[in-house]
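The values are calculated or read from the model by the stated rules, or taken from the named source; none is laboratory data. From a predicted model like this one, the values you see are computed outputs, not experimental measurements. As a convention, Cβ positions derive from the backbone with ideal geometry for all residues, glycine included, and neighbour counts pool all protein chains shown.
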Amino acid sequence: MTPLSSPPQAPVDVPLVLDRCREVVRPALLKAVGRMHPWVGEMAAYSFGWCEVGGAPAAASGGKGVRQALAVLGAEAAGAPGRAGVPAAVAVELVHAFSLLHDDIMDGDPARRRRPAVWKAYGTGPAVLAGDGLFALAVETLATTQAGASALRMLSAALGDLVRGQADDLLFAARPWTGPQRVRPAEYRAMAEHKTGALLGCAAALGALLGGAPPPAVAAFDRAGRRLGLAFQAVDDVLGIWGDPEVTGKPVHSDLRERKKTFPVLAALDSPSPEARRLAALLKSGADPQEVAVLIEAAGGRAAALDEARGHIAAAEAALADVAPQGTAGDELRALSAFLVRRDL
């Protein structure tokens with residue numbers, strides 16, 4: 001076996017891998033959404049970027065397809081064809097879409113991927129209904145597989161984690177920036193593992209399960225995916241403050257303007273530097289985001305978040321160290337991990 005931490009034998013074109021996995025999954029995802037009530041299905045299709053309001057075809061980006069790729073590669077790593085992981089990819093993608101619809105409502109976010117969010121385009125009630133429909137469809141998709149009972153238990157556990165993470169994220173907004181009730185980096189890490197990591201872990205583990213992997217390997221894929229999710233979130237937090245608006249689709253310093261408690265901010269506040277004390281005062285006063293961003297970086301928040309991401313990638317590789325991926329799946333999983341950490345930084 002070639003360890004996941006070693007360099008790939010040949011360069012891996014990650015965008016090409018993502019495209020390949022999306023093409024494997026897309027027919028089944030389209031077919032699943034096509035079974036929904038026409039109006040609810042239109043909202044679901046809009047959320048994926050397939051149509052405009054009213055159903056006219058659209059070519060908006062539906063995201064990178066990371067969860068789909070993890071499911072397909074998980075099946076391939078188990079020695080099965082990538083199509084064996086397609087039901088897992090479809091179910092997890094449906095759950096992810098459902099969570100985004102509801103998250104946008106809870107957070108009051110008016111836009112998603114440079115378009116009006118579903119609740120802004122169709123109304124709050126219809127968007128909730130569309131999210132419920134996507135969730136029901138995900139359950140149905142897994143229930144019809146050979147490993148239906150085990151797969152559904154795995155998805156249910158991930159959903160429980162996702163709800164826990166979202167609850168903590170909402171509660172963090174009301175907590176102070178400083179003092180004994182402030183949000184600590186460790187608390188944020190636990191929230192991110194539940195809200196982001198659980199579903200990525202579920203995608204990889206479900207793919208491996210449907211590909212015929214034994215329970216220890218399935219568990220290793222779950223751990224690896226969770227760590228990948230934590231790395232993904234840490235990088236997202238950096239991009240939310242310092243990312244290029246042309247790439248992120250959000251204004252520069254967007255997370256600071258929304259006063260989000262993200263890892264770079266919390267790590268900076270937790271540092272013993274004099275900048276941390278000045279940063280706390282600025283956050284309480286609602287100072288200019290540009291000035292706040294400079295202090296976060298000076299207090300080590302940006303570097304800490306990037307170190308956090310690199311550490312989780314190393315842990316993901318360690319989780320798979322005893323798994324022998326079949327074919328090129330190991331190289332592709334490692335390359336995908338590196339791609340997600342270095343994206344546009």
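Summary of values
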| quantity | calculated |
| --- | --- |
| Qualifying residue in the range 13-28 (condition: at pLDDT below 95 and either surrounded by 15 or more Cβ atoms within 10 Å (Cβ to Cβ) or more than 21 Å from the chain's Cα centre (by Cα) (or both)) | yes |
| Conditions (1) at pLDDT below 95; (2) assigned to a helix (DSSP H, G or I); number of the one not met by residue 250 | (2) |
| Index of the failed condition, residue 79 passing every other in (1) at pLDDT below 95; (2) over 21 Å from the mean Cα position of the chain (by Cα); (3) over 30 Å from residue 321 (Cα atoms) | (3) |
| Residue match in the range 191-213 (condition: within 16 Å of the chain's Cα centre (by Cα), modelled with pLDDT of 95 or more, surrounded by fewer than 18 Cβ atoms within 10 Å (Cβ to Cβ) and within 28 Å of residue 316 (Cβ to Cβ)) | no |
| Members of the range 50-93 found to be crowded, with 17+ Cβ neighbours inside 10 Å, farther than 24 Å from residue 143 by Cα and either touching a His at 6+ places or on another chain (Cβ under 9 Å) or touching a residue at least 60 places away in the same chain (Cβ under 8 Å) (or both), listed by number | 63 |
| Scan of the range 245-274 for residues that are closer than 17 Å to residue 305 by Cα and acidic (Asp, Glu), ordered by number | 255, 270 |
| Any pair with Cβ under 8 angstrom, 6 or more apart, that starts in the range 319-336 at a residue that is of a type in the set (Ser, Thr, Tyr) and ends at one that is outside any helix (DSSP H, G or I) and surrounded by fewer than 21 Cβ atoms within 10 Å (Cβ to Cβ) | 328/12 |
| The range 253-273, residues that are among the small types (Gly, Ala, Ser) and in a loop (DSSP other than H, G, I, E, B) | 271, 273 |
| The range 122-134 - residue that is surrounded by fewer than 19 Cβ atoms within 10 Å (Cβ to Cβ) and of a type outside the set (D, E, K, R) and, of those, nearest to the chain's Cα centre (by Cα) | 128 |
